[in-house]
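Nothing in this text is a laboratory measurement; each read-out follows from the coordinates by a stated rule. Not measured: the values here are computed from a predicted model. Note that each Cβ is placed from the backbone with ideal geometry, even for glycine, and that neighbours are counted across all protein chains shown.
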Amino acid sequence: MKLAASAILDAGILIVDDQESNVRLLEQLLGEAGYTRVSSTMNPQEVCALHRRNAYDLILLDLQMPALDGFQVMEGLKTNEADGYLPVIVLTAQPGHKLRALQAGAKDFISKPFDLVEVRTRIRNMLEVRLLYKMLESYSKELEKTVQERTAELRESEARFRSLTELASDWYWEQDDAGNFTRVSGPVLEMLGIRVDSLAGARTDAGMPVWNESEREVLQTMIAARQPFLDYAFSRVNADGSQQVFQVSGEPMFDQSCRFIGYRGIGIELPRGK
């Protein structure tokens, strides 16, 4: 990701200092550097409300102020639920306060008296990091939204697929990665003699007709190889000597990590003599 220079210069900045001379100096410095959205206040009690209303990209915060010092202001800013990031550079003449400020959540510090080159550099670096963070956050939200929309589309498509396959076939089926039936529809019990217990597994009851094992082995080989199959025919001989032939089509299913999760397909009973 790369930021345009205009995006940095258009960032929202709030100066907080109880010394008017410091405020004017920083306003002049930022104005000459090309920043277009610079605000200021000498009242630290206004900072939290101002930030909630304007969502500044950077707050230049003096630590030594009457009524409410910079550390107390930062604690108040942390309660802003709309933004968990604390975009603060502290202004301090006390070297011992720098580490404490960073531990309190400040992202950087500027020493007093001001070194104008240092001020410009730290502000620009901080804004670049802040705006990149916001871009990444926005991208993540957009990606999450896209995934949710795509998931909804896939579910709708899946529902349409099942509806159409159920209309176009005698039965629809799904199996998990272990080969257990997890979903069946249509007269599968009567046609195949399969008993499904709570949709958790399937078995062939004793005394049922005899299947053509060579045909079934070919089908099982295709399934074991995770291959799709189309209109595959297999047969069985019933107790009365009659023969039934079934035709089945299926495809493997995979999750978003490309892990095999089972099969789904459709089947029909072919008319006698086919």
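Structure summary
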| item | result |
| --- | --- |
| MRE, 222 nm, helices only [DSSP H, n ≥ 4, -39500 (n - 2.57), over the chain, to nearest 500] | -13500 deg cm²/dmol |
| Net dipole in debye of the stretch 5-142 [+1 Lys, Arg Cβ; -1 Asp, Glu Cβ; about Cα centre; nearest 20] | 220 debye |
| Potential lengthening between Glu156 and Phe229 on full extension [0.36 nm per residue; Cα-Cα distance subtracted] | 23.9 nm |
| Efficiency of FRET from Cβ geometry, Ser214 and Asn238, R₀ 22 Å, rounded to 0.05 | 0.75 |
| Three-way shape label, the stretch 56-124, alpha-carbon gyration tensor, a/c 1.5 | oblate |
| Principal axis dimensions, the chain - Cα atoms, whole angstrom, descending | 105, 33, 29 |
| Candidates Ala33, Ala104, Ala239: whichever shows maximal mean-square fluctuation once the chain is modelled as a Gaussian network with Cα springs under 10 Å | Ala239 |
| Restricting the stretch 1-59 to trypsin sites (Lys or Arg not before Pro) in coil, as DSSP defines it, with at most 11 other Cβ within 10 Å | Lys2 |
| Span-rule helices in the chain, defined as complete DSSP H runs reaching 15 Å or more along the axis (Cα) with Kyte mean at least -0.5 | 20-33, 213-224 |
| Counting DSSP beta bridges with both ends in the chain, the antiparallel % (nearest 5) | 65 percent |
| Fully extended contour minus Cα-Cα distance, from Tyr139 to Asp10, at 0.36 nm per residue | 44.4 nm |
| Among Ser249, Ser257, Ser157, residue whose mean-square fluctuation peaks in a GNM of the chain (springs only between Cα atoms under 10 Å) | Ser257 |
| Nearest-20 debye value, the chain charge dipole, Cβ charges on Lys, Arg, Asp, Glu | 360 debye |
